[in-house]
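Undergrad: Sharing a structure with you now.
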Amino acid sequence: MAKIKFHLDENITLAIANGLRRRGIDVTTTPEQGMIGQSDEQQLEFAISQNRVIFTQDTDFLRLHHTGFFHPGIVYCSQKSKSIGESLQGLILVW
């Protein structure tokens, strides 16, 4: 079974990406991909093209999901509801 790869949108702190990478998890981020300011649709299209699950705090991605946009997965967490450590633990569990 292939391991999940993640893409973190621009609202997610780099500390989460670094924590995942320290555990050997494949992660890309919006800033590192030069995608700051691109639309949510473009972000999701990138994740789809790379077969990545997107991690976001932006409810617009939930709207895209409900319009029938096919994707490998969306992990959503509302802003300020979890600490960096709690978010990291949740993503590791998903992985």
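What follows draws every value from the coordinates through simple rules; no lab data is involved. Predicted model only: the values in this text are computed from it and were never measured. Ideal geometry is used to build each Cβ from the backbone, glycine not excepted, and the neighbour counts take in all protein chains shown.
Undergrad: Expressed in nm², what is the orientationally averaged projection area of the convex hull enclosing the Cα positions of the chain?
TA: Here the figure is 5.9 nm², rounded to one decimal.
Undergrad: Moving to a separate point now. Count the net charge of all other residues whose Cβ sits under 12 Å from the Cβ of T67, scoring Lys and Arg as +1 and Asp and Glu as -1.
TA: Neighbourhood net charge equals -2.
Undergrad: Next question, about the same structure. Considering only DSSP states other than H, G, I, E and B, which trypsin sites (Lys or Arg not before Pro) in segment 32-84 qualify as loop sites with at most 10 other Cβ atoms within 10 Å?
TA: When the trypsin sites (Lys or Arg not before Pro) of segment 32-84 are filtered for loop state and at most 10 Cβ neighbours within 10 Å, K80 remain.
Undergrad: So which GluC sites (Glu not before Pro) in segment 1-46 are both in a DSSP loop and have at most 14 other Cβ atoms within 10 Å of their Cβ?
TA: The qualifying sites are E32.
Undergrad: While we're on this one: For a Förster distance of 35 Å, can you work out the FRET efficiency between the beta-carbons of S49 and T13, rounded to the nearest 0.05?
TA: 0.90
Undergrad: Here's something else I'd like to know. With +1 on each Lys and Arg Cβ and -1 on each Asp and Glu Cβ, how big is the dipole of segment 6-94 about its Cα centre, in debye rounded to the nearest 20?
TA: So the magnitude is around 400 debye.
Undergrad: Quick one: what are the phi-derived ³J(HN,Hα) couplings along segment 13-19, Karplus 6.51/-1.76/1.60 with θ = phi - 60°, whole Hz, x for glycine and proline?
TA: After applying 6.51 cos²θ - 1.76 cosθ + 1.60, I find 5, 4, 4, 5, 4, 5, x Hz.
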